[in-house]
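Comments concern the structure below.
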Number of protein chains: 2
Amino acid sequence: MVDRVYNFSPGPATLPVEVLEQASKDVVNFKETGIGLIEMSHRSKEFMAVADETEALLRELMEIPDNYKVLFLQGGASSQFFMIPMNLLGDGKKATYLNTGTWSKKAIKEAKLFGDIDVAFSSEETSFNRVPAVDEYNVADDSEFLYFVSNNTIYGTQFPGFPNTDKMLVSDMSSDILSRKIDVTKFGLIFAGAQKNMGPAGVTVVIIREDLLERTPENTPTMLCYKTHADKGSMFNTPPCFAIYAVGEVLKWLKKQGGVAKMEEINKEKAGLLYQAIDSTDFYRGHAETASRSLMNVTFNLPTPELETEFIAKAAEIGLNGLKGHRSIGGCRASIYNAFPREGVVKLVEFMKAFEASHTD
Amino acid sequence: MVDRVYNFSPGPATLPVEVLEQASKDVVNFKETGIGLIEMSHRSKEFMAVADETEALLRELMEIPDNYKVLFLQGGASSQFFMIPMNLLGDGKKATYLNTGTWSKKAIKEAKLFGDIDVAFSSEETSFNRVPAVDEYNVADDSEFLYFVSNNTIYGTQFPGFPNTDKMLVSDMSSDILSRKIDVTKFGLIFAGAQKNMGPAGVTVVIIREDLLERTPENTPTMLCYKTHADKGSMFNTPPCFAIYAVGEVLKWLKKQGGVAKMEEINKEKAGLLYQAIDSTDFYRGHAETASRSLMNVTFNLPTPELETEFIAKAAEIGLNGLKGHRSIGGCRASIYNAFPREGVVKLVEFMKAFEASHTD
């Protein structure tokens, strides 16, 4: 058993120790084949079984209907910013975007290369400290879809519920996929980079409604068509085998914990401990508006930037790592995805109280 | 020490056992940080050092001049098929391609979406059993570059020397990068998926001359511009951390073996043993013409497909795995990249002799 620290990194983020220990074995010798997982043909029956099981587990845990394809792609969530409008918007077609942070802003920039993009809401003027209420924006009748970022890693905001519209939803769930129950049927497309809540960096999951595969304009490069990957079970070319395998191991772990509903319960309780600590004093101030608070990334400030620097350094000394906020807003951020242990949250709350006590009279 | 088999897989392919054993440790706890490599922030000083060292080693081993950028990208070599013409060819510009196998054919298909593509040579009619001699094709004066696949994994052919032209060369070296000394200054761009000769699947190395970064047309999606990645040291978005790390470990191993020149010597000797075995009898027939033979993938046939099936199965029984040829040409293929041990080649030669003896009078 290794001596672990509590790793509050926003991503790549902490993984269950049992997943790491299994990977440690499989990397060298996968299922006693005499071949390590990372040197094994992606067409071998052993690896095909890994890929199949990973997809099946994701379908089961997220209750993904049969008319959706699950793709394991490369290129990061950032590549979805252009692939979505490239595949789903024809020339001149419209889509509606909600601008709730850095990642939606980047997605909007790429989407504008392909279609008529209507930004129906933005909280940029208040440092993206909130997401909109359901009645705070309109989705145009001629809009193809409504795009939103389910959880904003940098600002620590999260949609408490999903937009209420008849339009198809498209969502970047990179930082909260599998953290709560969702109704996939409301979505045309869901995507998530694995490295926050699902596995290591190197694979992006795309869940896409089958009929949308036919929308891609002709003359789109083969590798950029969703259909290319859907038709070949994500094996049109060599997939990122290790990352897919590791996602599968995380999903096995998640199932053992009780699945997504149980995880949602745990996440609420874990985040609650931290928000309670923040709310119980004026020493700490949350960045996000209360109604928009994220269960995954808890952002907060101390009275001065100097105190924040000291807080982050002292925390690291006792094994609470990665609490520095993103450079775009500063402050502190505790990323507490599914795999982050409750004990680490408790330890952080204790540290927060002790730090405050030693810096006030 | 694990009980290894000899893995002749064409890719993902066998890796040095010391690399696997190091990865096994680092995945769980990287350099005693209490954080596994696969859950560590890509912005951490520990991972930044890994990425820097990997790049530095590649530059050293390949003698890459300072006016070239080294990128670690996702999307596989297949994504380079369109990224190269998308970035390097403006509307209507011309490029020359040599069609020597499946991968060049796919690259030509994508390139035609972006420019005027002149296919100056094709060996398709003879099942891609050879590459052209230097005087066998012309490169048009108005061509921007000459594109070729240095080694053809499926057919077992390889350019013994490089095309002799004043035009800039662009090459897919996915299956023979680091297997022999090359003069990088002749190339505008070299790319290689890692999973054959450099590491696990999930990262593609692109070596690009700096001035070419300025050629990309406006309105190209951010993630598809080489400059995006060059400007940010391949950290514009979260990189495939584990694959980059593993490439670094393979490069350390390669350096310890004596570097690329030494590897070239070993590869010649290793492949020589197999070709000698093939040439010494009529029972085995090589697929590639002698002058085009690959040192990386040795393709051969037996008298009948039935004998080939039996050969592959019996070989697997004694720990010689992955000898089945690609479905497009059938037969047998022994992929013997840098990390494939000489003892495995010797064992295969012995088996070939025994198999022949037991099937002839």
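What sits nearest the axis between copies B and A, counting only chain B Cβ atoms, is the residue and whole-Å distance B:Q74, 2. With a 10 Å cut-off around each Cβ of A:253-265, the average count of Cβ atoms from other chains is 0.
Pull out a ≥ b ≥ c, the square roots of the eigenvalues of the alpha-carbon gyration tensor of region B:96-173, then state rounded if a/c is under 1.5, prolate if not and a/b is larger than b/c, and oblate in the remaining case. Don't skip to the end; give the middle numbers.
Numbers: a/c = 1.67, a/b = 1.23, b/c = 1.36.
It is oblate, given that a/c is not under 1.5 and a/b is not larger than b/c.
Diffusion of chain B by Stokes-Einstein, at 4 °C in a medium of 1.567 mPa s and with Rh set to the Kirkwood radius over alpha-carbon pairs, works out to 61 µm²/s. With the label put 7 angstrom out from Cα along the Cα-to-Cβ vector, B:N67 ends up 5.8 nm from the copy partners, going from closest to farthest.
Annotation for A:P217, label-to-label distances across the other copies: 1.1 nm (shortest first, one decimal, point 7 Å from Cα along Cα→Cβ). Inter-copy label distances at A:S328, shortest first and taken from points set 7 Å along Cα to Cβ: 4.2 nm. When the GluC sites (Glu not before Pro) in region A:277-347 are filtered for DSSP coil states and for at most 16 other beta-carbon atoms within 10 Å of their beta-carbon, the remaining sites are A:E289. Taking every residue in B:5-11 and counting other chain Cβ atoms within 10 Å of its Cβ, the average works out to 4.
Net charge in the neighbourhood of B:S171 (other residues with Cβ under 13 Å of its Cβ; Lys, Arg +1, Asp, Glu -1) is +1.
For the residue pairs B:K25/B:K252; A:K45/B:K324; A:K25/A:K252; A:K31/B:K196, alpha carbon separations beyond 18 Å are given by A:K31/B:K196. The convex hull of the Cα atoms of region A:225-361, projected and averaged over all directions, covers 11.4 nm².
Where nothing but the Cβ of Lys and Arg (+1) and of Asp and Glu (-1) is charged, how large is the charge dipole of region B:258-358 around its Cα centre, in debye to the nearest 20? If you can, show how the numbers build up before the last one.
On the way: 12 positive and 13 negative charges, 59 e Å.
So the magnitude is around 280 debye.
Of all DSSP bridge pairs formed entirely within the protein assembly as shown, close to 50 percent run antiparallel. When a/c is below 1.5 the answer is rounded, else prolate if a/b is larger than b/c, else oblate, so apply that to the protein assembly as shown with a ≥ b ≥ c taken from the square roots of the Cα gyration tensor eigenvalues. Note, shape of the protein assembly as shown comes out prolate. Each other residue within a Cβ distance under 12 Å of B:F242 adds +1 if Lys or Arg and -1 if Asp or Glu, for a net charge of -3.
What is the fewest-to-most order of A:T126, B:T228, A:T33 by other Cβ atoms lying within 10 Å of their Cβ? Provide the component values of the computation, followed by the final result.
Values: A:T126 10, B:T228 19, A:T33 16.
So the ranking, lowest neighbour count to highest, is A:T126, A:T33, B:T228.
Shown here for region B:71-178: GluC sites (Glu not before Pro) in loop regions (DSSP other than H, G, I, E, B) with at most 16 other Cβ atoms within 10 Å, namely B:E136.
In a simple Cβ point-charge model (Lys, Arg +1; Asp, Glu -1; nothing else charged), region A:18-256 has a dipole of about 400 debye relative to its Cα centre. Under a model in which nothing but the beta-carbon of Lys, Arg (+1) and Asp, Glu (-1) is charged, region A:182-339 shows a dipole of about 320 debye around its Cα centre.
Throughout, read-outs are computed from the coordinates displayed, never taken from laboratory work. As the structure is a computational prediction, the values presented were derived from the model and not from experiment. Every residue, glycine among them, receives a Cβ derived from its backbone with ideal geometry; neighbour counts consider all protein chains shown.
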